[in-house]
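Presented below is the structure to which this report refers.
The values are calculated or read from the model by the stated rules, or taken from the named source; none is laboratory data. What you see is a predicted model; the values in this text were computed from it and never measured. Here Cβ is always computed from backbone atoms with ideal geometry, including for glycine, and neighbour counts include all displayed protein chains.
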């Protein structure tokens, strides 16, 4: 029997509405009553001054395997997740081959079981080969164990096909996650359409290119009476649309990535491709509305959209470079720094809720809680620790981050999965 006692930490467990200083017991990989280890030899962890939170969940991660292991592997991505304080990550299906069939899902699950130090949960594609032309076998994907369906990295443009996907997903009980991008409106845009795109002569990506698909998803969520979750929301108009629809009871939700609140499109002026992501960095006005959307609960989930690329892929002209940045190791620090300390939009309890209860509820996961008997996935956080981002020390196989040398306040200091410490500062 293995036992651990985490002593004197501030236990924040939003699922059980707990926020108090106490000891947390772990026995044989599960959260236990303290009395269960009174007579046992237990490892003790001093958590005085730290927050003891349920293991954090990042529900939007690209692990690149199979097919692109020069960017990231399931093993290296899981290590990056642990270093960021995450015990569960949800990986996107835009691999090669695409995760659009049970065999590829089985491969991902087998690979994760052997190499990953955190829980890795796969999603399945909405359409075959993520091409947006023919539905993937959604029922079979559900049986294979996916937690959601999405064509992330791409967006189904055919509304009738998307409707059928939502209807099938409802039948098998899977949420639909959608990357909101209208290809006709966006065209060959690479940065936010506005002052900086005009000044730099780069093709513009209008906010309406996101908002049009958010509106489409609201209509389909209402029509099909099923949950659609809008990924990486970046535009003010999207927040307004989601707020109005949620107030009417539509089953629609949205998530935010750290770069869409910590940066604006002003950052692209040096043509540094580490500031190129999809959707692109927006204006300060967009950022302000997103912050309000987080504060009032319109945007309910925080995540990274961790998108690793090899150095040589980003070392090209701006409009030729791939979209995306790595985020697992910096996102918690950026969100605590920006949302809790700098802008004071939410408190640390709500931030933890957006990383635990909210994604667990959306994806129906047995995670995100410190209830007795739950898996002992725990994240220890120092909300006031001041640290500097050192990209060359990342666990990720890629280095494409715009946050090098940023000074942040707040970070995970220990990550525990199934009762076992998988990373510590």
**OP:** Take residue 98 and decide whether it is buried (at least 21 other Cβ atoms within 10 Å of the Cβ), free of Cβ contacts under 8 Å to residues at least 40 places away in the same chain and part of a loop (DSSP other than H, G, I, E, B).
**Re:** yes
Subject >> Residue that is in contact (Cβ under 8 Å) with a residue 12 or more places away in the chain and surrounded by fewer than 18 Cβ atoms within 10 Å (Cβ to Cβ), where the choices are 27, 45, 21, 11 >> reply: 21
Original post:
What are the residues in region 196-214 that are under 22 Å from the mean Cα position of the chain (by Cα) and in a helix (DSSP H, G or I), if any?
Top reply: 209, 210, 211, 213, 214
**OP:** Report yes if residue 84 is modelled with pLDDT of 95 or more, crowded, with 23+ Cβ neighbours inside 10 Å and in the same structural domain as residue 325 (by TED's automatic domain parsing), otherwise no.
**Re:** yes
**OP:** Inspect all residues belonging to region 339-350 and state whether any of them is surrounded by fewer than 22 Cβ atoms within 10 Å (Cβ to Cβ), closer than 19 Å to residue 88 by Cβ and in contact with a helix residue (DSSP H, G or I) (Cβ under 7 Å, 6 or more places away or on another chain).
**Re:** no
**OP:** Need at least 3 residues that are touching a strand residue (DSSP E or B) at 6+ places or on another chain (Cβ under 6 Å) per element, so show me which strands (runs of 3 or more DSSP E) inside region 19-89 make the cut, counting only ones lying wholly within it.
**Re:** 43-46, 51-54, 56-61
Original post:
Mind checking which residues of region 232-279 are under 20 Å from residue 339 (Cα atoms), in contact with a strand residue (DSSP E or B) (Cβ under 6 Å, 6 or more places away or on another chain) and in contact (Cβ under 8 Å) with a residue 60 or more places away in the chain?
Top reply: 233, 253, 255, 265
**OP:** Confirm whether residue 229 is touching a helix residue (DSSP H, G or I) at 6+ places or on another chain (Cβ under 7 Å), more than 25 Å from residue 312 (Cβ to Cβ) and not in a helix (DSSP H, G or I).
**Re:** yes
Original post:
Is there a residue being farther than 24 Å from residue 49 by Cβ and in a loop (DSSP other than H, G, I, E, B) anywhere in region 380-394?
Top reply: yes
